[in-house]
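Visitor: Handing you a structure now.
The values are calculated or read from the model by the stated rules, or taken from the named source; none is laboratory data. Computed from a predicted model, the values in this text were never measured in an experiment. Note: ideal-geometry Cβ built from the backbone for every residue, glycine included; neighbour counts use all protein chains shown.
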Amino acid sequence: MSKILIIEDDLSIGEMMSIYLYEDGYEVKRAENGRQGETLFREFQPDMIVLDLMLPDVDGIQLCTMFRQTSHIPILMVSAKNEVSDRVKGLQTGADDYLCKPFSMRELSARIQALLRRSNTFTPQAPSSSDTVIHAMINLDVEKRCLFVAGKSIDTTFSEFEIMKLFWQNQGRVYSREELLNRVRGFDSHVTERAIDVHIANLRKKIEDDPKEPKHIKTVWGVGYKFLLL
């Protein structure tokens, strides 16, 4: 699990990023100012930093320069400043990418995945441990939290993987939406029963040959869902 350090003084934006990235399966720590960010950088030892350019105590450019003196981990700079000169200055200082506010959480996640892949910090491996469930087309590595379909690593959110793991460990058992909700609520307090249907739809798109005619994640009408390996 990759570790992300967010240094953002805006409470609402910082919390939104933290929740979304946690849901995506990252271990996340957040600092509200530069000094706290320096401390967490040393103690947390993140795999990547999301750094706000404008902080109340330390300039983001200055902080980026300091991080670059001791580390080569990816740095994604975020800022409300969208002038070309600001972006160039951030990149010249040592940031690997620059994202202008406002931005969508999906774009934030995509930028982070791309940076981690390029830095070889995020390198999913083929399942090989004793805690790996193997099938001809679908593999689940519980220890590494990796889902493979036809040998290809498939990205999942934290909640999607928790649902998939529950299905794998209890194949054929029917789960109601409420039971699945209780499974993931501890990780994401914002999940609703309607969101469970969305998670199921997303999982079907990722593992089924035809999501409209699923062979693995079956709907049990009036009750919920079950998983069949076939």
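Visitor: Would you check which residues across the stretch 59-117 are more than 24 Å from the chain's Cα centre (by Cα) and part of a loop (DSSP other than H, G, I, E, B) and list them?
Guide: Asp59, Lys81, Asn82, Glu83
Visitor: Moving on. I'd like the residue in the stretch 133-172 that is among the charged types (D, E, K, R) and not in a strand (DSSP E or B) and, out of all such residues, is nearest to the chain's Cα centre (by Cα). Outline the logic, then answer.
Guide: First, the residues of the stretch 133-172 that are among the charged types (D, E, K, R): 141, 143-145, 152, 155, 160, 162, 165.
Those still in the list that are not in a strand (DSSP E or B) too: 143-145, 155, 160, 162, 165.
Values: Glu143: 17, Lys144: 14, Arg145: 12, Asp155: 9, Glu160: 11, Glu162: 13, Lys165: 17 Å.
Going through the qualifying residues, I end up with Asp155.
Visitor: Kindly indicate whether any position in the stretch 62-75 is in contact with a Pro (Cβ under 6 Å, 6 or more places away or on another chain) and modelled with pLDDT of 85 or more.
Guide: Within the stretch 62-75, the subset in contact with a Pro (Cβ under 6 Å, 6 or more places away or on another chain) is none.
So far as the stretch 62-75 goes, no, none of its residues is in contact with a Pro (Cβ under 6 Å, 6 or more places away or on another chain) and modelled with pLDDT of 85 or more.
Visitor: Looking only at the stretch 189-199, decide whether some residue is at pLDDT 85 or above and outside any helix (DSSP H, G or I).
Guide: no
Visitor: Across the stretch 14-30, which residue is farthest from the chain's Cα centre (by Cα) among those that are surrounded by 17 or more Cβ atoms within 10 Å (Cβ to Cβ) and in a helix (DSSP H, G or I)?
Guide: First pass over the stretch 14-30, keeping only residues surrounded by 17 or more Cβ atoms within 10 Å (Cβ to Cβ): 14, 17-18, 20-21, 23-26, 28-30.
Still in the list and also in a helix (DSSP H, G or I): 14, 17-18, 20-21, 23.
On the way: Gly14: 15, Met17: 10, Ser18: 10, Tyr20: 7, Leu21: 4, Glu23: 6 Å.
The selected residue is Gly14.
Visitor: Residues that are over 17 Å from Tyr98 (Cα atoms), assigned by TED's automatic domain parsing to the domain that holds Ser85 and in contact with a helix residue (DSSP H, G or I) (Cβ under 9 Å, 6 or more places away or on another chain): does the stretch 48-55 have at least one? Break it down stepwise before answering.
Guide: Our first condition is that a residue be over 17 Å from Tyr98 (Cα atoms); within the stretch 48-55, this holds for none.
Taking every residue of the stretch 48-55 in turn, none turns out to be over 17 Å from Tyr98 (Cα atoms), assigned by TED's automatic domain parsing to the domain that holds Ser85 and in contact with a helix residue (DSSP H, G or I) (Cβ under 9 Å, 6 or more places away or on another chain).
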